[in-house]
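Here is the structure we will look at.
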Number of protein chains: 2
Amino acid sequence: MSQGSEDHNAGTCEEPVELESLLGYQLKHLQSALRSTMDETLRPLELTTPQYNCLEQLRRRPGASNSELARGAFVTRQTMNTLVRGLQERGLITRPATAESGRVLPTRLTSAGVEVLDQAVSRVEAVSARMVSPLDDETRTIVTEALRRCIAALEEAEDG
Amino acid sequence: MSQGSEDHNAGTCEEPVELESLLGYQLKHLQSALRSTMDETLRPLELTTPQYNCLEQLRRRPGASNSELARGAFVTRQTMNTLVRGLQERGLITRPATAESGRVLPTRLTSAGVEVLDQAVSRVEAVSARMVSPLDDETRTIVTEALRRCIAALEEAEDG
DNA sequence: AAATGTATGTCAGAATACTTACATGAGTCA
DNA sequence: TGACTCATGTAAGTATTCTGACATACATTT
């Protein structure tokens, strides 16, 4: 604390901590590396990482709505909408033109989509395996659980 | 379509693993939450997270080149260039119009930039502290080290 | 039934970041 | 010196994602 604020040139000139020891920095670095590697891996299938995420979500929740997919992929509805359209035009997913009950248009994988997704999954799993290869089982569990707690800590106090 | 390969529904229908147990998923989730929280925290200062990262880099490496900043922030030179211009127009950083020796235009924080950055740093550190608050010191070390190893594993085999 | 609140899908525009491309300066090597 | 390589800065165009806005459909309340 201490906000005498006058004689504290500390704010700027102190070299606070090594970047590499900051979780946020490592997080961003790893995310960047993972994204690059995944894009590279998926390029032969003409899929981007967000597109893959969309298909993957759909595999786990067949018939999901656009908004549901968006929440699961941590993007906005609008972003997911453009994503869905692209995949729809390519024939990888289907979506009814009109809603059955509400406004929800349940989306599903086509057989072509399943085919592409199968290839994508095996590639992505290989990347994922490579990423965690330096960690033993116990460490993986610890890290995953730790990240889960960090997420909760960030989100709990947020109003929305 | 329908090819002989009907009886291997394994590729798609198997529910492979819980999403929450996948490191990549948790990574994305946490990154998303962190980004949102940081943007929210920095909004009163009229700074976005990328802009903050730029200033923060500059604090650690005064006189860094645009390309250097880009690498440190995991964005392209061009992206950092637009970022730098915006901050320059706002008077938070300075950049010589012409290069002294090579083509490098060393960038530095202005006193106004230092002032804003100081406020930003304290806010961001609060967010960061909240994020890691559920972890004890040992776990933080383990997680940070684990992420470092994952980064290395992803990057080592890459030609890029 | 009417009003309200919530969730969805979608359009339009702006912000953001990337890819491609080119020119310039410096270092290396013949 | 000249050719080659590499890194930098920048421009133009594209792609991606967001914010703001609006209409629709259902549930709840009055």
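Every read-out reported here was derived from the displayed coordinates using simple, explicitly stated rules and does not represent laboratory data. No experiment lies behind these values; they were computed from the predicted model shown. Here Cβ is always computed from backbone atoms with ideal geometry, including for glycine, and neighbour counts include all displayed protein chains.
Descriptive notes on the structure:
- GNM result for chain A, Cα springs below 10 Å: residue of A:T76, A:T41, A:T141 fluctuating most strongly: A:T141
- Take the Kirkwood radius over Cα pairs of chain B, plug it into Stokes-Einstein at 25 °C and 0.890 mPa s, and you get 129 µm²/s for translational diffusion.
- Sorted from nearest, the other copies put their A:V17 label points 2.7 nm away, the label point being 7 Å from Cα in the direction of Cβ.
- For the stretch A:136-141, 3J(HN,Hα) per residue [Karplus equation, 6.51 cos²θ - 1.76 cosθ + 1.60, θ = phi - 60°, Hz, x = Gly/Pro]: 7, 4, 5, 5, 4, 5
- In order along the stretch B:65-82, the phi-based Karplus estimate (6.51 cos²θ - 1.76 cosθ + 1.60, θ = phi - 60°) of 3J(HN,Hα) comes to 7, 4, 5, 4, 4, 4, 4, x, 9, 6, 10, 7, 4, 5, 4, 5, 4, 5 Hz; Gly and Pro are listed as x.
- Gaussian network model of chain A, Cα within-10 Å springs - most flexible of A:T107, A:T82, A:T37: A:T82
- Rounded Å value of the spacing that divides the Cα centres of the stretch A:60-128 and the stretch B:18-42: 21
- Length-normalised contact order of the stretch B:50-160 in % [C-alpha pairs under 8 Å, at least 6 apart]: 23
- The overall shape of the stretch B:83-160 is oblate: from the C-alpha gyration tensor, with semi-axes ordered a ≥ b ≥ c, the ratio a/c is 1.5 or greater and a/b is no larger than b/c.
- Nm distances between copies for A:S32, ranked from closest, using label points 7 Å along Cα→Cβ: 2.2
- Basic side chains Lys and Arg get +1 at the Cβ, acidic Asp and Glu get -1 at the Cβ, and with that the dipole of the stretch A:46-129 about its Cα centre reaches some 300 debye.
- A point 7 Å from Cα along Cα→Cβ stands in for B:A97, and the other copies hold the same point at 6.1 nm, listed in rising order.
- Listed residues A:V124, A:V84, A:V143, most fluctuating in chain A (Gaussian network, C-alpha, under 10 Å): A:V143
- Positive-end extreme of charge dipole, chain A - chosen from A:P50, A:H29, A:T141 (charges on Cβ): A:P50
- Using only alpha carbons, the stretch B:56-121 has a radius of gyration to Kirkwood radius ratio (Rg to Rh) of 0.94.
- Computed helical MRE - 222 nm, chain A, DSSP H runs ≥ 4 contributing -39500 (n - 2.57), nearest 500: -20000 deg cm²/dmol
- For A:I93, distant residues with modelled amide H under 5 Å away: A:Q88, A:T110
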